[in-house]
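Notes for the one structure printed next.
Read-outs: derived from the displayed coordinates by stated rules, not from any lab. Since this is a predicted model, take the numbers as computed values, not measurements. Methodologically, a virtual Cβ is constructed for each residue, glycine included, from the backbone with ideal geometry; neighbour enumeration extends over all protein chains shown.
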Amino acid sequence: MKLQYIPSGVGGGATVKGFLPFQVAKLDMGAPTNGKRKFMAKEWVDLLMRILGCSPEILAWRKKLAIVSRLTHLGKSNVNIMELDLGKV
């Protein structure tokens with residue numbers, strides 16, 4: 001990209017004199033698509049826990065699912081989740 005400065009008397013400011021558009025490289029999505037098929041559900045949940053900054057080794061499976069389920073509305077806007085905390089009565 002080349003910029004040209006025009007003095008303030010003629011309209012002023014900087015203008016783009018020449019611009020060559022760039023071309024996005026072709027992506028091969030076959031490798032990531034085939035790779036993600038090899039993941040099991042527990043491995044995906046553990047990966048999400050790591051992304052969130054939690055250590056998946058110290059959390060029980062139900063706790064992991066509770067955390068992931070609370071993230072559902074961030075990806076899907078029309079999901080309503082009602083949490084019933086029965087706890088220890």
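Of the chymotrypsin sites (Phe, Trp or Tyr not before Pro) found in the stretch 4-84, the ones in coil according to DSSP and having at most 13 other Cβ atoms within 10 Å of their Cβ are F19, F22, F39. Just to confirm the number: angle between the C-alpha axis of helix 61-70 and the first principal axis of the chain, 0 to 90 degrees, nearest 10? Between helix and principal axis, roughly 40 degrees.
Sparsely packed loop sites in the stretch 20-89 (the GluC sites (Glu not before Pro) outside DSSP H, G, I, E and B with at most 12 other Cβ atoms within 10 Å) comprise E57, E83.
Using the alpha-carbon atoms, what tilt in degrees (0 to 90, nearest 10) does helix 41-52 show relative to the longest principal axis of the chain? Taking Cα atoms only, the helix is inclined about 60 degrees. 3J(HN,Hα) couplings calculated from phi for the stretch 13-22 with the Karplus curve 6.51 cos²θ - 1.76 cosθ + 1.60 (θ = phi - 60°) are, in sequence order, x, 9, 10, 7, 8, x, 9, 10, x, 8 Hz; Gly and Pro show x. Positive-end ranking of H73, A60, G13 along the dipole of the chain, with charges on Cβ about the Cα centre, is headed by A60.
Computed over the alpha carbons of the chain, Rg followed by Dmax gives 25.5, 80 Å.
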